[in-house]
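Heads up, the thing below is written out as structure tokens.
Rule-based calculations on the coordinates, nothing more; no lab input. Owing to the predicted nature of the structure, the values given are computational and were not obtained by experimental measurement. With ideal geometry, Cβ positions are generated from the backbone for all residues, glycine too; neighbour counts draw on all protein chains shown.
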Amino acid sequence: MEHDAVRKPSHYVEGRKFEPKDVIRDWGLNFNLGNAVKYLSRAGRKGDILEDLRKAQEYIKFEIEALEAERKRERVTPPAYHPNCKCVPNPITEGERIVIDLVVPKDTPMEAVIQMAIAKIMGVEE
């Protein structure tokens, strides 16, 4: 096999059925996970095995940190709309109205009707 360090690097292709770039593409991996696969696939085939394993580990760490930050952003909610409830309203621009179907038993106190309406608007089923 003729050596081509750019298109067919021996540390990725020799003795292999699939190249890491093809696996990364087929699996739809992002940059961090793709690099982890790349370094794992060449570990011990190019330079120091420990260095490649540490690089793979670092890219996995980058991905974990990115996922944790994303989850943290998803958990952040805006402050409650009303001091007596924990609802988070959908912003309504001026002139918009929300129309809801609400079944209210006779003689229900107004405060309970308001809480029922808030729950309905927010999609909270009791």
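Taking N as the number of residues in the stretch 10-75, what value does Rg over Cα atoms divided by 2.2 N^0.38 Å take? Can you show the working numbers first?
Values: Rg = 13.7 Å, N = 66, 2.2 N^0.38 = 10.8 Å.
Output field value: 1.27.
Subtract the Cα-Cα distance of LYS21 and ARG54 from 0.36 nm times their separation in residues, and report this length gain in nm to one decimal.
Taking LYS21 through ARG54 to full extension adds about 9.9 nm, to one decimal.
When Lys and Arg each count +1 and Asp and Glu each count -1, what net charge do the other residues less than 11 Å away from ASP52, Cβ to Cβ, add up to?
Overall, the nearby charge balance is +3.
How much length, in nm to one decimal, is gained on full extension between ASP101 and LYS61, taken as 0.36 nm per residue of separation minus their Cα-Cα distance?
Details: separation 40, 0.36 × 40 = 14.40 nm, distance 4.89 nm.
Gain in length upon complete extension: 9.5 nm.
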